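Asker: First the structure, then my questions, so here it is.
The values are calculated or read from the model by the stated rules, or taken from the named source; none is laboratory data. Small disclaimer: the values here were computed from a predicted structure and weren't measured. We place every Cβ from the backbone using ideal geometry, glycine too, and count neighbours over all the protein chains shown.
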Amino acid sequence: MPVKSHPEFCAFCGTTPGGRRLVAGPGVAICETCVAKAVDILKNAGGGVGPDAFGPAWDHMSDEEVLSHLPEVSRVGLSVEDQLRTWVGVARERKISWAAIGAALGITRQSAWERFKEHL
């Protein structure tokens with residue numbers, strides 16, 4: 001199973017790179033625009049209100065905005081699941097047991113095997 005080098009879009013704003021650089025971690029990536037915004041939020045953190053305040057983003061959104069984010073959240077979930085399958089594939093290539101994989105995921109050996117067997 002080939003290992004993907006990084007996710008294909010920003011997990012925060014949902015955009016594809018299009019000239020932006022991505023910082024990738026296991027299953028997620030963040031674009032440089034979102035990194036800059038996060039730095040700004042952290043620098044100015046002080047109990048403000050609005051979209052830059054800490055707390056759930058949906059607290060400051062209209063119903064339409066919440067609905068518009070659902071496809072993005074779904075796409076991020078699918079990307080993370082794809083990355084998880086890739087990482088499990090790497091573990092199996094290294095001959096790591098299904099029992100160890102299941103334990104790492106907090107599930108049984110059998111559950112791990114059933115969930116990932118078709119993707120290897």
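Asker: So the check is Cβ under 8 Å with 6+ separation or different chains; which pairs have a first residue in the range 31-43 that's in a helix (DSSP H, G or I) and surrounded by 14 or more Cβ atoms within 10 Å (Cβ to Cβ) and a second one that's among the basic types (K, R) and modelled with pLDDT under 90?
Answerer: E32/R20; E32/R21; T33/R20
Asker: Can you run down the residue pairs with Cβ atoms below 9 Å, 6 or more apart or on separate chains, where the first is in the range 1-24 and more than 26 Å from E65 (Cα to Cα) and at pLDDT below 80 and the partner is hydrophobic (A, V, I, L, M, F, W, C) and surrounded by fewer than 13 Cβ atoms within 10 Å (Cβ to Cβ)?
Answerer: Here the result reads M1/V90; M1/L120; V3/V90, each pair linking the range 1-24 to a residue that is hydrophobic (A, V, I, L, M, F, W, C) and surrounded by fewer than 13 Cβ atoms within 10 Å (Cβ to Cβ).
Asker: Scan the range 17-33 for residues that are of a type outside the set (D, E) and more than 14 Å from the chain's Cα centre (by Cα) and jot them down.
Answerer: P17, G18, G19, R20, R21, T33
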